[in-house]
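Taking it in order: structure first as structure tokens, then the write-up.
The values are calculated or read from the model by the stated rules, or taken from the named source; none is laboratory data. Bear in mind that the values here come from a model prediction, so they are computed numbers and not experimental data. Here Cβ is always computed from backbone atoms with ideal geometry, including for glycine, and neighbour counts include all displayed protein chains. For the accessible areas, the whole protein counts, side chains as well, though only heavy atoms, and no ligand, DNA or RNA atoms are used. Shrake-Rupley method; radii C 1.70, N 1.55, O 1.52, S 1.80 Å.
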Amino acid sequence: MILADNLTKSFPTPDGSEKQAVAGLSFAVEPGQIYGLLGPNGAGKTTTLRMLCGLVTPTSGRAVIADHDVQTDALAVKRVLGFLTANTGLYQRLSVRDVLVYFGKLHGMTASQARDRAAILIDIFDMADFASLRCGSLSTGQKQRCNIARALVADPPALILDEPTLGLDVLSNRVMLNFVRDQRDAGKSIILSTHYLDEAETLCDRIGLIHQGRLIAEGSFPELQQQSGEQRLSDIFLKLIHEEPVHIV
Amino acid sequence: MNLTRIKTIYFKELVDLLRDRRTVIATIIVPVVLYPMLMLFSVQAASVQTGKVAVEQITLGVTSRDDQNTILKLLANEPTPKDDDGKPTKDFTPLISSVQFRIVNDLKEAVQTHQVGCGVEILKVANPNDPLHEQFTFEIFVQPDQIRSRLAANRFENALTRIGQSRINQRLESLEVKRDVIDPFFFKQTNLTTSGSLLGLILPLLLVLITLTSAIYPAIDLTAGERERGTLETLLVCPVPAGELVAGKFLTVVTIALMGAMLNLGSVAATVYFGGLTDMLGAMDQNAGDLPLSAIPIVLIALVPFAVLTSAILLAVCGFARSFKEAQNYITPVILATLMPGMIANLPGTQLQGPMLVLPVGNMVLLVRDLLSGTQLAGFQIMMVLLSTSLYAGGAVALATQMFGREAVMFSDNASIKSLLSRRMIRAGKYPSAGLACLYVAILFPVWFYVQNLLQRHFAHDFVNVLRYTAVLMPVFFAILPALMLWYFKRELKPTLALEKAPPRYWLSGLLLGLTMWVIGAEVIAFQEYVLPIPEALIKQQAPMEALMKEQPLWWLLLVMAVVPAVVEEMCFRGMLLSSLRTNGKRWLALLVTAAAFSMFHFLVYRLAITFVLGLFLAYLCWQSRSIWPGVLAHFMNNGFAVIRAQYPDFIKLLGIDPSSESNHMPIHVVVIAIVMIAAAIWISRKPRPETLA
């Protein structure tokens, strides 16, 4: 389970003042659930996800992943968390297999365990044809498959996916969405941040809409439709950002 | 620290880097192919140019045809010089065969406008045409900053000197006086230089530069490069502590830097030996000689701490950068700052002593230079260079670890660096990070060394004033500045400096240690004498100091030599440094690091062992008690005994020790009692005090 409890993050600005990127954000993601964290650019999504991963320290509030507090037990959190973004890079001069084995070892596996796990992931994501090629020579879709496999090296119970389909073609996009569904079905807690609202409509079990660092609405897609009177997520969102925050439970 | 994980990161980074064409070019191709080529080419070009200038025609400016004829007539009689064995020098070219004249009106202008090499005016001729009494007065116009002008004047003066010497001999012969009766001195010079003066001058700085440049690319690639490619974020969400990531990357950079240095050194050695460089250098400079092969492994060993230092500095600096380009911008001033002390050290006549011993980079340049030239170095000098460089490297590694993966560096905009240091943005915490404390100690090391040197130089033999000022400055550097730093970084002063009260059992331990540590110290010194005897010169140097100590009031000496060091050194080492190492939980590592740092601050190699051992006891006591006060007591008593012994040498008779004994060892009964008491002290404080007292 993933829990964000009153998370707040302030950054200094060049003029010496502080900017609140995230303001008292709270939500929970149960196992077997996809939580869509949606909002416009600069809403605070990425900062929130980074706080959940332990990459950014919250100014206040706390985050808990699979019963481990991110601030006090960051290493334990990283052991149970898979993290994937559209910008996540791969080592260009290592092969797909090398990358998977390397991250396996970093997660505490022995060399043979890491090799076995890499072989399984190569099989699952149908990467046998290019597993020995250096990542620098792969297509965008192949790289993204490798990245997904990398995030799943330790088979983590929680996944954080920040814009995972950004820039992917239709085929690669389908691979990614299938992967997200499969992981949900495998009982994992998943946070998905995306600008493609139609993806969120079909994939997410619950949706949190953030605007200017605050959660302005939360609920399942039908609940949000019912509350707002709008049918499409984009319309719901546009309507809500001009209204007082509503919380649908 | 998980060594397996560090090894994983290290090998991955190494493979990744070595697969990169740019690393291979920078680290292997350039040193193996390009540098020897450049070196051969530049030395050859220099040699050809020097040779060309040395034998080319010189143009002498004169003001009249008469002067030209007079000089020509003189030069016609230039004798061939003889070598040390009295044989005529081979390949000698008399000036007359390579001189041409130009008659000009203004000699000054002719020289300045490079129409002539130098100008010669005959001011006076006494007794002309009488070889036995003829005397000339010349005025030579020369521009010394122009090599051609300088060489022309030199060659003209040398030729005239040789002619003059020959005429003196003729005149002496006419007077029937032998030349060797007149000469009061005869010289024969034996050149003891074992390596080329040119190589000795170029190579140390070149090696330092190469080690530095070899480390630049990997340092950028593994930090800013990784961030730019988007792999750093992936790495940071792995369950690996930042320290391990930095360690793996740092070892990779050190390996590449050393690889570069090694290949360069090998390449230079091969060029010198197989490329005929020695002959070429010899032709340019008679002192060129040979490069001692035996020095190469020692030079390589000496380069290790330097490679460690540069790698750590570069990693720390590049850690700030968000992109490759930005890292390159940061590195330029670092290279300049690194080369500056190296250049200072490379100045002729600079010696590896005094402040130069701890001058970062500069001391390494001097060490390499002296090793290559076969100069005899004292163990103390080598030790100081290696220890100080290692300490700076430790500080830089600590800084690199501190910076690595910091969110302000990773994700923020331009305000990020500011936010790292802006007090407003610093999160309060109990203890400082090990990086911060180690960095302070690493910076304090040369500063305190310079302060001590300055005091000793300023007050010369005025030991009392040195002590007085040391007692005033010590609290500033060892207590007040650390406290200010801790305040700035919002750390809790009381627990960090371990100023909290200690339960009585630790006081008892402190008392027992204070009573006995000097015995252990004396035994350490006695055993050390077998392998590293204190030189007589040092003992003699300290004798007037001891005499002066006897004249000072005991209370004053106790204050400045026992109370002040006991309090402030405990605050800095057992307080700040040890507390910062508490967070990683490894007690023995923390104790060893603290004791090593404490011992290094005593600057004398003969005091390293004793201060290390005492530092270990004091660190143990503070770790267990979470308070410096029992240690302050032990430290005070230890120093206090030394003061009392200096004033009252017979004092130890009370313990049954004969102060006039030849043996350095303490009587066995005293040693046994001391060991028992120390064991008791350790046993009494075996149970660590809980973080908060009930």
Notebook entry, point to check: With every protein chain kept in the model, how would you rank B:Ser97, B:Ser311 by accessible area, 1.4 Å probe, largest at the top?
Noted result: B:Ser97, B:Ser311
Notebook entry, point to check: To the nearest 10 degrees, how steep is helix B:3-18 against the longest Cα principal axis of chain B, on a 0 to 90 scale?
Noted result: 30 degrees
Checklist line | Extension reserve of the B:Leu347-B:Glu500 stretch, reckoned as 0.36 nm per residue once the Cα distance is removed | finding: 50.0 nm
Checklist line | Mean residue ellipticity (222 nm) of the protein assembly as shown, computed from DSSP H runs ≥ 4 via -39,500 (n - 2.57), nearest 500 | finding: -18000 deg cm²/dmol
Check: Along the charge dipole of chain B, Cβ charges K/R +1 and D/E -1, which of B:Leu207, B:Leu499, B:Thr23 sits furthest on the positive end?
Finding: B:Leu499
Notebook entry, point to check: Is any residue of region A:95-134 close enough, with backbone N under 14 Å, to a label point placed 7 angstrom from the Cα of B:Arg19 along the Cα-Cβ axis, and if so, which?
Noted result: A:95-103, A:130-134
Note to self: Run the simple label-point estimate for B:Ala547 and B:Asn105 please: 7 Å along Cα→C-beta, distance reported in nm.
What the structure shows: 7.6 nm
Next item on the list: Working with all protein chains in place, sort B:Thr516, B:Thr80 by solvent-accessible area computed with a 1.4 Å probe, largest first.
Entry: B:Thr80, B:Thr516
Notebook entry, point to check: Using r as the Cβ-Cβ distance of A:Arg174 and B:Asn584, and R0 as 51 Å, what FRET efficiency do you calculate, to the nearest 0.05?
Noted result: 0.60
Item checked: Karplus 3J(HN,Hα) series, Hz, for region B:130-135 with 6.51 cos²θ - 1.76 cosθ + 1.60 (x for Gly, Pro) -> 10, x, 7, 10, 4, 9
Notebook entry, point to check: Of B:Ser509, B:Leu654, B:Ala562, which is farthest along the charge dipole of region B:485-693 in the positive direction, counting Lys and Arg as +1 and Asp and Glu as -1 at C-beta?
Noted result: B:Ser509
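Does region A:2-243 come out rounded, prolate or oblate, given a ≥ b ≥ c as the square roots of the eigenvalues of its C-alpha gyration tensor, rounded meaning a/c under 1.5 and, failing that, prolate meaning a/b above b/c? Walk me through the intermediate numbers first.
Details: a/c = 1.88, a/b = 1.47, b/c = 1.28.
Cα axes put region A:2-243 in the prolate bin.
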Note to self: Tell me whether region A:102-177 comes out rounded, prolate or oblate; compute the Cα gyration tensor, take square roots of the eigenvalues as a ≥ b ≥ c, and use a/c under 1.5 as the rounded threshold.
What the structure shows: oblate
Note to self: Quick check for you: which residues of region B:62-78 have the amide N under 16 Å from the point 7 Å beyond the Cα of B:Glu173 toward its beta carbon?
What the structure shows: B:77-78
Check: What's the buried accessible area, both sides, between A and B using a 1.4 Å probe, rounded to 100 Å²?
Finding: 3300 Å²
Next item on the list: Evaluate the distance, in nm, between pseudo-label points positioned 7 Å from the Cα of A:Thr140 and of B:Gln165 along their respective Cα→Cβ axes.
Entry: 8.4 nm
Checklist line | Entries of A:Lys9/A:Lys143; B:Lys73/B:Lys178; A:Lys19/A:Lys45 with Cα pairs more than 23 Å apart | finding: A:Lys9/A:Lys143; B:Lys73/B:Lys178
Check: Around A:Arg115, with a cut-off of 11 angstrom between Cβ atoms, what is the net charge of the other residues, counting Lys and Arg +1 and Asp and Glu -1?
Finding: +1
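Just to make sure I understand: if all protein chains stay in place, what is the order of A:Glu230, B:Glu492 by accessible area at 1.4 Å, largest first? Present the calculation step by step, with values, prior to reporting the outcome.
Details: A:Glu230 55, B:Glu492 90 Å².
Highest to lowest solvent-accessible surface, that is B:Glu492, A:Glu230.
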Notebook entry, point to check: For region A:2-243, what is the accessible area per residue in Å², given a 1.4 Å probe and the full set of protein chains?
Noted result: 41 Å²
Margin query: I'd like the accessible area for A:Ile120, computed on protein heavy atoms only with a 1.4 Å probe and all protein chains in place. Round to 10 Å², please.
Written below: 80 Å²
Next item on the list: Could you pull the accessible area for B:Arg167 with a 1.4 Å probe, rounded to 10 Å²?
Entry: 40 Å²
Checklist line | Nearest 10 degrees, 0 to 90: helix B:605-625 Cα axis against chain B principal axis | finding: 30 degrees
Checklist line | Label-point gap, in nm, between B:Glu134 and B:Ile335 - each point 7 angstrom along Cα→Cβ | finding: 6.0 nm
Check: How much net charge surrounds A:Arg232 when only the other residues with a Cβ under 10 Å from the Cβ of A:Arg232 are counted, with Lys and Arg +1 and Asp and Glu -1?
Finding: -4
Next item on the list: Could you work out the local net charge near A:Glu163, counting Lys and Arg as +1, Asp and Glu as -1, over the other residues with Cβ closer than 11 Å to its Cβ?
Entry: -1
Checklist line | Table column - 3J(HN,Hα) (Hz), region B:299-314, Karplus curve with 6.51, -1.76, 1.60, x for Gly and Pro | finding: 4, 5, 4, 5, 6, 4, x, 5, 4, 4, 5, 5, 4, 5, 4, 5
Notebook entry, point to check: By DSSP, what percent of the beta bridges with both residues in chain B are antiparallel, rounded to the nearest 5?
Noted result: 50 percent
Next item on the list: Just the number, please: carbon plus sulfur as a percent of the accessible area of chain B, 1.4 Å probe, no ligands or DNA/RNA counted.
Entry: 64 percent
Item checked: Cβ-Cβ FRET estimate between A:Ile124 and A:Asn41, R0 fixed at 25 Å, reported to 0.05 -> 0.15
Margin query: Exceeding 31 Å between C-alpha atoms, which entries from my cross-link table qualify? They are A:Lys188/B:Lys325; B:Lys7/B:Lys325; B:Lys494/B:Lys550; B:Lys494/B:Lys687; A:Lys78/B:Lys249.
Written below: A:Lys188/B:Lys325; B:Lys494/B:Lys550
Notebook entry, point to check: Where does helix B:197-220 land angle-wise versus the long Cα axis of chain B, in degrees 0 to 90, nearest 10?
Noted result: 50 degrees
Notebook entry, point to check: Normalised by the number of residues in region B:485-693, what is the relative contact order in percent for Cα pairs under 8 Å and 6+ residues apart?
Noted result: 40 percent
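Per 0.36 nm of contour for each residue apart, how much would the distance between B:Ala642 and B:Ala270 grow if the chain were fully extended, relative to their Cα-Cα spacing? Before the final figure, lay out each step's value.
Values: separation 372, 0.36 × 372 = 133.92 nm, distance 5.53 nm.
My answer for the length gained is 128.4 nm.
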Note to self: Is the C-alpha gyration tensor of the protein assembly as shown telling us rounded, prolate or oblate? Criteria: a/c under 1.5 is rounded; beyond that, a/b larger than b/c is prolate, otherwise oblate.
What the structure shows: oblate
Item checked: Contact order relative to length of chain B, as percent, for alpha carbon pairs under 8 angstrom and 6 or more apart -> 11 percent
Next item on the list: Pick out, from A:Ala23, A:Phe83, A:Val170, the residue whose Cα sits farthest towards the positive end of the charge dipole of chain A, with +1 on the Cβ of Lys and Arg and -1 on the Cβ of Asp and Glu.
Entry: A:Phe83
Check: What does the charge dipole of chain B about its Cα centre add up to, to the nearest 20 debye, if the Cβ of each Lys and Arg holds +1 and the Cβ of each Asp and Glu holds -1?
Finding: 2940 debye
